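K.L.:
Quick one: this structure, given as structure tokens, is what I'll be asking you about.
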Amino acid sequence: MKNLKVNSTPKTPEVYFGAKKGYLEMSGISVPEDSLGFYNPLISWLKEYAINPSPTTNFTFKLAYINTSSLQALYDILFLLDEIDGKTSKVIVNWYYLKDDDDMKEVGEDLQEALSSKFSFFAVDDV
């Protein structure tokens, strides 16, 4: 399976999904005009990854801002990973947020409550 790399734009995050090592990362902001168009290829990649995932999957989020439609796609992504957590891969979610951004921290906490995957939270100066 090939890795997936998507360069950031002013409205979409940078994405790197590394299949072999199970390292997945999204960073930047997510306010695409067409959320489905942006996120469907990521979800398709993850569906293929879920068939034969790495023993450990680390998903790192370093998002400064996400809009509502991106949040739904993010939930879909995390739900896919949650389905393999503890079965074929140990899933760890690393949620980075700006120190003064309680809203982004709460988004991560809300997602954690809806899923069984383990989340770790990191307050940082820059994402």
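None of the figures in this text is laboratory data; all of them are computed from the coordinates on show. Just so you know, these numbers come straight off a predicted model, no measurement behind them. For neighbour counting, all protein chains shown are included, and Cβ atoms are generated from backbone atoms with ideal geometry for every residue, glycine included.
K.L.:
Quick one: 3J(HN,Hα) in Hz for region 88-94, Karplus 6.51/-1.76/1.60 with θ = phi - 60°, rounded, Gly and Pro as x.
P.N.:
10, 7, 8, 9, 10, 10, 9
K.L.:
Size of the dipole of region 19-127 about the Cα centre, Lys and Arg at +1 and Asp and Glu at -1 on the beta carbon, nothing else charged, in debye to 20?
P.N.:
The calculation lands at about 700 debye.
K.L.:
Taking only DSSP H segments of four or more residues, each worth -39500 (n - 2.57), what value at 222 nm results for the chain once the sum is divided by all its residues, to the nearest 500 deg cm²/dmol? Present the calculation step by step, with values, prior to reporting the outcome.
P.N.:
Values: 3 runs with 47 residues, N = 127.
My calculation for the chain gives -12000 deg cm²/dmol from helical runs alone.
K.L.:
Restricting to region 4-124, what percent of DSSP beta bridges are antiparallel, rounded to 5?
P.N.:
In region 4-124, DSSP labels about 25 percent of beta bridges as antiparallel.
K.L.:
What list of ³J(HN,Hα) couplings, whole Hz, do you get for region 19-34 from phi and the Karplus terms 6.51, -1.76, 1.60, once you set θ to phi - 60° and write x for glycine and proline?
P.N.:
Ordered by residue, 3J(HN,Hα) equals 5, 5, 8, x, 9, 10, 9, 10, 8, x, 10, 9, 9, x, 5, 10 Hz.
K.L.:
Over all pairs of distinct alpha carbons, what does the Kirkwood formula give as the hydrodynamic radius of region 45-93, in Å?
P.N.:
Hydrodynamic radius (Kirkwood, Cα pairs) of region 45-93 is 11.5 Å.
K.L.:
Straight-line reach only, C-alpha to C-alpha below 19 angstrom: list the lysines that K11 could link to, leaving out same-chain residues fewer than 8 apart.
P.N.:
K11 reaches K62.
K.L.:
How high is the relative contact order of region 4-124, in percent, with contacts defined as C-alpha pairs under 8 Å that are six or more residues apart?
P.N.:
22
K.L.:
With N denoting the number of residues in the chain, provide Rg(C-alpha) divided by 2.2 N^0.38 Å, to two decimal places.
P.N.:
Here the answer is 0.97, to two decimals.
K.L.:
Sum up the charges of everything whose Cβ sits under 14 Å from the Cβ of L4, counting Lys and Arg as +1 and Asp and Glu as -1, but leave L4 out.
P.N.:
Once all neighbours under 14 Å are counted, the net charge is +2.
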